[in-house]
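Laboratory data are not the source of any read-out in this text; all were calculated from the coordinates shown. All of these numbers come straight from a predicted model, not from anything done at the bench. Ideal geometry is used to build each Cβ from the backbone, glycine not excepted, and the neighbour counts take in all protein chains shown.
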Amino acid sequence: MKVTKNNKKILVIGGSGKNGSRVVRKLRELNYPAFSTVRKGNIHQPNVRIFEWKDTSTWEAALTDIDSIYIVHPDTSMPEAYTEIKELAEKSVKMGITRLVLLSGRGQQSVIKCEDAIRKSGLEWTIVRSAWFNQNFTEGHFAASIQHGELIFLADTVKEPFVDLEDLTDVIVQCLIDDKHNHHIYEVTGPALHSFEEAVQIIGATTGKPVRYIHADADNYYELLVQHGLSQDLATHMIGAFEEILDGRNANIGDGIEKVLGRPPVLFTTFVKNNFQAAEE
């Protein structure tokens with residue numbers, strides 16, 4: 001089957017991360033010219049541009065000849081995130097960019113403020129609010145702990161609708177290429193609620209190697225973060241952010257995947273079966 005060449009040029013800010021790299025790959029599979037960003041260094045790959053949030057002198061070259069931008073900010077709950085995203089939106093207007101899609105979090109006022117910067121930009125926009133990724137257990141925050149058989153985290157019995165990154169990526173791609181998603185906010189979650197302890201129990205039951213979950217209080221988890229090299233200020237911020245989003249406000253299931261893709265989300269149990277069994281074979 002012949003693949004039609006699509007002329008819309010799309011920049012993925014954060015294109016080397018877990019989600020951004022998947023978005024770039026799927027856009028290119030659909031024959032869209034997708035550009036990813038790196039923070040520094042010499043560029044030897046095609047369609048890669050330097051972009052530094054803290055260095056606005058890198059922005060113009062990164063945004064040149066781009067139609068749409070997918071924005072993955074390092075942490076939309078950080079105090080400086082609103083200003084950075086607002087300035088990027090303003091720069092996008094000046095550069096003739098037509099559409100912004102923002103990966104957002106769920107339930108935080110600081111995050112909603114960042115969303116407002118996009119919504120009030122005057123450009124076409126879509127906001128995608130995502131739950132915690134399934135893939136945090138295989139290639140993210142918790143992967144090493146799972147491999148070692150013990151996960152220490154701040155969450156108690158609160159439940160989370162973990163979402164699969166492949167589902168999220170498919171949603172993002174559609175929001176970037178299909179006009180019908182303009183001016184929409186989508187809540188993208190998995191189809192079931194699990195506590196973090198339940199999640200590691202599912203993994204342990206699947207692999208045959210039990211994983212112990214330890215609930216740490218704020219003081220102990222702060223010490224753990226500092227021991228792992230985080231600054232005291234960043235550790236304090238992360239504790240506050242975690243306590244906010246893990247207070248039960250996000251223990252609900254969104255319908256973004258069904259609305260955008262017309263199909264149900266991947267179950268967490270299916271994700272575990274597909275990933276952890278393969279690792280044991």
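Remarks
- The alpha-carbon of Lys26 sits under 27 angstrom from the alpha-carbons of these lysines, leaving out residues fewer than 8 places away in its chain: Lys2, Lys5, Lys8, Lys9, Lys18, Lys40, Lys91, Lys180, Lys259, Lys273.
- Cα-based helix-to-principal-axis angle, 268-280 vs the chain, degrees rounded to 10: 80 degrees
- Globularity index of segment 10-130 is 0.99 (Cα radius of gyration / 2.2 N^0.38 Å, N = number of residues).
- Stretching the chain fully between Thr64 and Lys91 yields a gain of 8.7 nm (0.36 nm per residue, less the alpha carbon separation).
- Protection proxy ranking of 121-128, 60-67, 186-193, by the mean of other Cβ atoms within 10 Å over each peptide's residues and highest first, is 186-193, 121-128, 60-67.
- Separation of alpha-carbon centers, segment 200-242 and segment 150-175, rounded to whole Å: 16 Å
- Protection proxy ranking of 76-89, 137-150, 15-28, by the mean of other Cβ atoms within 10 Å over each peptide's residues and highest first, is 15-28, 76-89, 137-150.
- Each 5 Å bin from zero up to the one holding the largest Cα-Cα distance in the chain carries the following percent of pairs: 1, 5, 11, 15, 18, 17, 14, 10, 6, 2, 0, 0.
- Cα-centred dipole magnitude for segment 208-266, charges only on beta-carbon of K, R (+1) and D, E (-1), debye, nearest 20: 480 debye
- Calculated on C-alpha atoms, the gyration radius of segment 9-52 divided by its Kirkwood radius gives an Rg/Rh of 0.95.
- Inter-probe distance in nm under a simple model that places probes 7 Å from Cα toward Cβ, at Lys273 and Asp219: 4.5 nm
- Proximity of backbone amide H atoms, modeled 1.01 Å from N, is registered between Gly140 and no other residue at under 5 Å, excluding neighbours fewer than 5 places apart on the same chain.
- Distance between the pseudo-spin-label points of Arg212 and Lys54 (7 Å out from Cα toward the beta carbon): 3.8 nm.
- Computed lengthening from Ile152 to Lys40, 0.36 nm per intervening residue step minus Cα-Cα distance: 37.0 nm
- Contour minus Cα-Cα distance for Thr98 and Asn182 (0.36 nm per residue): 29.2 nm
- Selection from Gln232, Pro79, Phe242, by position along the positive dipole direction of the chain (Cβ): Pro79
- Within a straight-line Cα-Cα reach of under 16 Å, Lys86 can be paired with the following lysines, leaving aside sequence neighbours fewer than 8 residues apart in one chain: Lys54, Lys94, Lys113, Lys120.
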